[in-house]
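Worksheet: one structure, shown below.
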Amino acid sequence: MALFLSIIKHGAAECATHNEYYRKVTLEGLRHMEELAKKHEVKIVGAWSVHMKHFQVVVYDVPNYEALAAFSMEPPIRKMADMYDIDTWPVVTMREMTQMLMQA
């Protein structure tokens with residue numbers, strides 16, 4: 001399995017709290033998220049929001065990048081993601097990083 005970290009940002013005008021369209025699309029995406037994650041073997045390890053900064057962080061555990069990409073391209077997820085600025089990177093745990101440093 002591989003870990004990926006997504007940083008999600010949006011402006012106040014795009015906030016689902018204040019914008020009816022964004023709220024509708026977000027709720028629709030969230031409604032399908034669990035079933036689509038299961039379909040692509042994507043485990044959402046955790047998701048956090050800093051509401052006042054319009055900033056979210058999501059950690060995924062996936063079999064490979066292709067599984068995360070397929071999940072991300074599902075229509076309800078893609079429509080929701082298209083509204084925001086999202087950066088996604090592969091990450092390692094601190095334990096893995098420590099092992100790499102010890103072997104260098």
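By count of other Cβ within 10 Å, fewest leading, how are Phe71, Phe4 ordered?
With the sparsest Cβ surroundings first, the list reads Phe4, Phe71.
Determine the dipole magnitude for the chain: charges of +1 sit on the beta-carbon of Lys and Arg, -1 on that of Asp and Glu, nothing else is charged, the reference point is the Cα centre, and the result goes in debye to the nearest 20.
Dipole size: approximately 200 debye.
Quick one: length gained pulling Met73 to Ala2 fully straight, 0.36 nm per residue minus the C-alpha distance?
Fully extending the segment from Met73 to Ala2 adds 23.7 nm.
Express the relative contact order of the chain as a whole percentage, based on alpha carbon pairs under 8 Å and six or more residues apart in sequence.
42 percent
Quick one: 3J(HN,Hα) in Hz for segment 85-101, Karplus 6.51/-1.76/1.60 with θ = phi - 60°, rounded, Gly and Pro as x.
Each residue's phi maps through the Karplus curve to give 9, 10, 10, 10, 9, x, 9, 10, 6, 4, 4, 4, 5, 4, 5, 4, 5 Hz.
Once P(r) over Cα pairs in 5 Å bins from 0, in percent is worked out from the coordinates, which option in (1) 2, 12, 18, 17, 14, 13, 11, 7, 4, 2, 1, 0; (2) 2, 14, 25, 26, 18, 9, 4, 1, 0; (3) 2, 12, 20, 24, 17, 11, 7, 4, 2, 1, 0 does it equal?
Entry (3).
Express in whole angstrom the spacing between the alpha-carbon centres of segment 18-47 and segment 50-104.
That distance is 14 Å.
Given Tyr84, Ala67, Phe55, which one lies farthest toward the positive end of the charge dipole of segment 2-103, if we put +1 on the Cβ of every Lys and Arg and -1 on the Cβ of every Asp and Glu?
Phe55
Here, each number is a calculation from the coordinates, and none is a lab measurement. Please read these numbers as outputs of a predicted model, since none were measured by experiment. So basically every Cβ, Gly included, is an ideal-geometry build from the backbone, and we count neighbours across all protein chains shown.
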